[in-house]
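Working notes, structure below.
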Amino acid sequence: MWGVLSTANIGRKLVNPAIAKSANGTLHAVASRDGAKAEAFARAGGFATSHGSYEALLADPAVQAVYIPLPNSLHHRWTIAAAEAGKDVLCEKPLALTAADCRAMAAAARATGVLLMEAFMYRFHPRTERMIALVHGGVLGAPRAIRSTFSFRLASPANIRFDLALGGGALMDVGCYCVNVSRTLAGAEPVEVIATANWNASGVDTELTGILRFASGLVAHFDCALTLERSERVEVSGAQGRLVSEGAFVANADGVLLSEYKGGTATAHEFPGVDQYQRMVEHFAAQALARRAGRPASVRYGPEEATANLAVIEALLRSARAGGRPEPVVP
Ligand SMILES: NC(=O)c1ccc[n+]([C@@H]2O[C@H](COP(=O)([O-])OP(=O)(O)OC[C@H]3O[C@@H](n4cnc5c(N)ncnc54)[C@H](OP(=O)(O)O)[C@@H]3O)[C@@H](O)[C@H]2O)c1
């Protein structure tokens, strides 16, 4: 039985419907700061009930797991509150604004025995799984270059992504995917980063370009933006080939390709359309149900993984704010 903290757009459009059609979960309750809004949202979205505050949802004994799609600055506070209420927590990306906050969230989950996972849904797409397996299986030789991008154009200046106090910015919102896929494909943590950014008047990075240097000599570079035509792409190269994933992150419903290039020959790996959000919530619910039944349970991507991602994001922001000075990644 799921509870959803807020009437966020991402919940309404993609994650709540994925929970509703999942094989092992039920949309039980939604909470909003405004009770009437919660009630209308519950009716329209197929929830059994609603609550007029986040606290009330966490006190609902029928809620076993919560999905948290709050503004980034609120992930830390409400994840800890949910863990203390004994709920398993699937929280939106980025899990927090700092690695230190992630560590505190992980500690709260450990202390209360609940599960905590960051909702990076793209990792549950079979194409992403295949890309990771091929690279780690050595099909390209050792990866030497990873190029990624995630940009889109935000229409409303009132969007939470333009507000520094709410944890906005291109890097926090979409660059976090590029950092995540780079670290995952590398199978290692970068030792040093460099970044340059353009900022809005409130101090949010609207466009950011970053370089991640790994001890092996592998370099990953990426760009992200809240101001540009939509682009989502990942390319990884080694001496023996390269793989390209177009529309790499938000792929949903339609079939997709993973293109492999080796010695002048192209191979297209085809994947039928899947709902990667559904695959993510089903994985999480299966582990949460196992935990509640007293069976061994663990999520595929734990909070330590999210902590490492945030350490890189923090170093990139330090570098961009210092005009592109190389910054070490503090593990
Ligand atoms: N994985 C993905 O594909 C994906 C896609 C988009 C976004 N996200 C993530 O999901 C989260 C939410 O993004 P979104 O675009 O869906 O957000 P959104 O539509 O702006 O919704 C955020 C919700 O948070 C609640 N809230 C509480 N305090 C708030 C405050 N001070 N200001 C604004 N809202 C406040 C509001 O709900 P109530 O009024 O009901 O309390 C609001 O509806 C972010 O962490 C984002 O990174 C993930």
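The values are calculated or read from the model by the stated rules, or taken from the named source; none is laboratory data. Everything numeric here is computed off the predicted structure, so don't read it as measured data. Virtual Cβ from ideal backbone geometry, glycine too; neighbours counted across all protein chains shown. These accessible areas exclude ligands, DNA and RNA; they are computed on the full protein's heavy atoms, side chains included. Shrake-Rupley method; radii C 1.70, N 1.55, O 1.52, S 1.80 Å.
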Residue check for Ser231: open to solvent by 10 Å² or more (accessible area, probe 1.4 Å), in a strand (DSSP E or B) and at negative phi: yes
Elements of type helices (runs of 4 or more DSSP H) contained in the range 11-78, each with 1 or more residues being closer than 23 Å to Tyr122 by Cβ: 16-21
Test: residue in the range 63-80 that is farther than 16 Å from Cys91 by Cα and either of a type in the set (A, V, I, L, M) or open to solvent by 50 Å² or more (accessible area, probe 1.4 Å) (or both): no
All positions within the range 198-209 that are open to solvent by less than 30 Å² (accessible area, probe 1.4 Å) and within 16 Å of the ligand (Cβ to nearest atom): Val204, Asp205, Thr206, Leu208
Count - residues of the range 176-197 that are assigned to a strand (DSSP E or B) and either open to solvent by less than 10 Å² (accessible area, probe 1.4 Å) or without any contact (Cβ under 8 Å) to a residue 12 or more places away in the chain (or both): 2
Residue among Val299, Val244 that is in contact with a strand residue (DSSP E or B) (Cβ under 6 Å, 6 or more places away or on another chain), at pLDDT 95 or above and assigned to a loop (DSSP other than H, G, I, E, B): Val299
Hey, Ala107 open to solvent by 30 Å² or more (accessible area, probe 1.4 Å), within 22 Å of Val15 (Cβ to Cβ), away from the ligand (no atom under 16 Å from the Cβ) and not polar (S, T, N, Q) or not: no
Residue list for the range 237-291, filter: charged (D, E, K, R), open to solvent by less than 40 Å² (accessible area, probe 1.4 Å) and within 16 Å of the ligand (Cβ to nearest atom): Asp275
So Arg161, is it part of a helix (DSSP H, G or I), at pLDDT 95 or above and charged (D, E, K, R): yes
Contacts under 6 angstrom Cβ, first residue in the range 37-49 being open to solvent by 30 Å² or more (accessible area, probe 1.4 Å), partner away from the ligand (no atom under 12 Å from the Cβ) and at pLDDT 95 or above, 6 or more apart: Gly46/Ala20; Gly46/Leu27; Ala48/His28; Thr49/Ala29
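Name the single residue that is farthest from Arg291 (Cα to Cα) among those in the range 17-36 being open to solvent by less than 30 Å² (accessible area, probe 1.4 Å) and more than 11 Å from the ligand (Cβ to nearest atom).
Taking the candidates together, the pick is Ala29.
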Condition met for Arg130 (modelled with pLDDT of 95 or more, surrounded by fewer than 22 Cβ atoms within 10 Å (Cβ to Cβ) and not in a strand (DSSP E or B)): yes
Residues (of a type in the set (Ser, Thr, Tyr) and within 12 Å of the ligand (Cβ to nearest atom)) located in the range 37-50: Ser50
For Leu185: the one exception among (1) in contact with a Leu (Cβ under 8 Å, 6 or more places away or on another chain); (2) at pLDDT 95 or above: (1)
Any hit, the range 226-248, residues being of a type in the set (Gly, Ala, Ser), under 16 Å from the mean Cα position of the chain (by Cα), farther than 23 Å from Glu305 by Cβ and in the same structural domain as Ser151 (by TED's automatic domain parsing): yes
